Amino acid sequence: MIFTSLHRLFKEKYFENKIDYFDFFKLTRHYFPEINPKMGFVKKEYYTVVSDLNCDDNEIFSKLKKSTRYKINRGKREGIVFQVEEDVDKFFEYYNDFALSKNLEELNYSTLIKYKEHMVITKAVHENKILVMHVHIYNANIAMLLFSASHFRNTLDSKEKNIIGYANLLLHYEEMLFFKGKGCEVYDFGGYAYETDDKSLIGINNFKDLFNPILTKRFIYTSWLLQSIVVLKSVFSKIGLKMRKL
C-alpha cells in the first residue's frame, strides 16, 4: 500500500515486501516492511497488538476474554449494529467533533483522503445514532486501525456510557469478521503504548487487552532525506516559538 501526499513528494508505504533502493534518496517513510533495510533509513521501534483471523468465527469469539464476550452479546441485545460508512466527509466531521471534545489536534482532510483506495470506514449505530467510528486501511493480508472516534465524553448518562462501551467492543469484533471475510489474516489494533506510565495510554492498552491480542514489535523506516527535513522543521518551529516570545 502506497500513499502519496497531495504535493506528491512525500510517500508513505505500508507492509511492502522490501524497500526500494531508490527510496533512500526520496521523501519516503516505510511502515513495517517485511525485509528490513541495513542502511539509508532512520529506524524506529513500533509496538502494536494483533489478533489472528486464521480460524473460524467461533474461535475468534472464544479467544476474547469472558467479560468481553458478555459485553459484545449485551451490545447486540441492546440493538447496536455494525455498518460500513461510505461517506468520508461524515467521518471527518465526526472525528473532529471528537477531537475538539478531548482537546486533540483536528484531522486534516488531506491526511484522511489519501488513504481512500485502501480505506474502510465502519461505525456502531444505536437507535439511528452513531456511537463509535473507525477507519482502517487493509490489503490482502492485514487490516490496521488508523483512526477511532467516540462521543463517550459528551454524555453524563451512565446507561448511555455503558452502551457506548458495548458498541466499541462490538465494533472491533464485527470488524474482525468483516476483514476476515475479505481474506485478511491479521487484525491490527493500531498501536500499543509499550511500558508506558501515561495513565490515559494505559487505559487504551487495557481496552485492547480485552481482546487477548498478541503483542508485536515492528519497525518504521524514514529516509535520511525526510528525517533531515523533519529535524529542520522542528528546529525552525522552536526558533519561531522563541521569536514570538521575545
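Annotations for the structure displayed:
- Counted residues, region 38-79 - those being crowded, with 19+ Cβ neighbours inside 10 Å and not in a helix (DSSP H, G or I): 7
- Subset of region 7-37 (residues that are part of a strand (DSSP E or B) and aliphatic (A, V, I, L, M)): 27
- Failed item in (1) assigned by TED's automatic domain parsing to the domain that holds residue 193; (2) closer than 25 Å to residue 179 by Cα, with residue 100 passing the rest: (2)
- Criterion: in contact (Cβ under 8 Å) with a residue 12 or more places away in the chain, closer than 20 Å to residue 92 by Cα and of a type in the set (Phe, Trp, Tyr) - qualifying residue of 179, 147: 147
- Subset tally (residues that are of a type in the set (A, V, I, L, M, F, W, C) and surrounded by fewer than 21 Cβ atoms within 10 Å (Cβ to Cβ)) for region 119-141: 5
- Test result for residue 60, touching a Phe, Trp or Tyr at 6+ places or on another chain (Cβ under 9 Å) and on the phi < 0 side of the Ramachandran plot: yes
- Residue that is surrounded by the fewest Cβ atoms within 10 Å (Cβ to Cβ), among those in region 98-118 that are touching a residue at least 12 places away in the same chain (Cβ under 8 Å) and touching a Phe, Trp or Tyr at 6+ places or on another chain (Cβ under 8 Å): 109
- Hey, residue 100 assigned to a loop (DSSP other than H, G, I, E, B) and either at pLDDT below 95 or not basic (Lys, Arg) (or both) or not: no
- Residue match in region 198-214 (condition: touching a His at 6+ places or on another chain (Cβ under 8 Å) and outside the structural domain of residue 28 (by TED's automatic domain parsing)): yes
- Pick from region 82-97, criterion surrounded by fewer than 15 Cβ atoms within 10 Å (Cβ to Cβ) and assigned to a strand (DSSP E or B), ranking: nearest to the chain's Cα centre (by Cα): 84
- Being surrounded by 15 or more Cβ atoms within 10 Å (Cβ to Cβ), over 23 Å from residue 14 (Cβ atoms) and not small (Gly, Ala, Ser) holds for only one residue in 160, 175, 195, and it is 160.
- Residues satisfying the stated conditions in region 10-37, i.e. free of Cβ contacts under 8 Å to residues at least 60 places away in the same chain and loosely packed, with under 12 Cβ neighbours inside 10 Å: 17, 18, 21, 22, 34, 35
The values are calculated or read from the model by the stated rules, or taken from the named source; none is laboratory data. The structure presented is a predicted model; accordingly, all values stated were derived computationally and were not measured. Virtual Cβ from ideal backbone geometry, glycine too; neighbours counted across all protein chains shown.
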